Amino acid sequence: MKSRNDRNNEGGNRWKTTMKKNVQRLGGGKGGLSLEAFANAKSKNNAFNPALLKRKREFYKNAKFVSKYRKMVKQETQQSGPSSSIQPTEENSSGDAGYTHQKKTKNVKGSNSLEGLYEKKREEKEKARMEREAMIKAKKEEKEKAEARRKELKEKMYKRTRKGQPVMKYRIEHILETLQGSK
């Protein structure tokens, strides 16, 4: 069993060692904090670090260039792949035996099909536009007819006799029409 003095002494040693570690961590003893320790003492959050941001930006930029390069290489291999053929020809006018690249029939068809697709798409858009215009025109005509009916009904309802009394004939007709329409 340890005596009381040993325990107190042990606790003091722990305190001294932690103080020494803190002093060392914060930049050395009597001179106070070093500039670097002072700057880092309060900033636990490393959210804004321009160097890291720059490094990330460069990484993503390089990744974009690499992916573009890979796509380009893939396109070239597809174009000069098994569908196109390279055939040796007779001597050129310069006397060298050369190779000619025949155009792929796919490319010719592709350009035609692209034009065809473009035409088809344009026709579909034109057709859709014409349908929209026809619908708008029909709605407009229907609206005008309804407005004319309401105007005519309003004129009938507001008609008065010479003495200023409302003409009941039109009002009764309107009530009958609404009752028959609701059945």
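The values are calculated or read from the model by the stated rules, or taken from the named source; none is laboratory data. Given the structure is predicted, the values throughout are model-derived calculations rather than measurements. A quick note on method: Cβ atoms are made from the backbone with ideal geometry, for glycine too, and the neighbour counts reach across all protein chains shown.
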Exercise for review: Determine whether segment 99-110 contains at least one residue that is touching a Ser or Thr at 6+ places or on another chain (Cβ under 7 Å), in a helix (DSSP H, G or I) and at pLDDT below 90.
Suggested key: yes
Practice item. Mind listing whichever residues of segment 129-183 are surrounded by 10 or more Cβ atoms within 10 Å (Cβ to Cβ) and among the hydroxyl-bearing types (Ser, Thr, Tyr)? Key: Tyr158, Tyr170
Exercise for review: Return only the number of the condition from (1) within 30 Å of Gln79 (Cβ to Cβ); (2) within 30 Å of the chain's Cα centre (by Cα) that Asn112 does not satisfy.
Suggested key: (2)
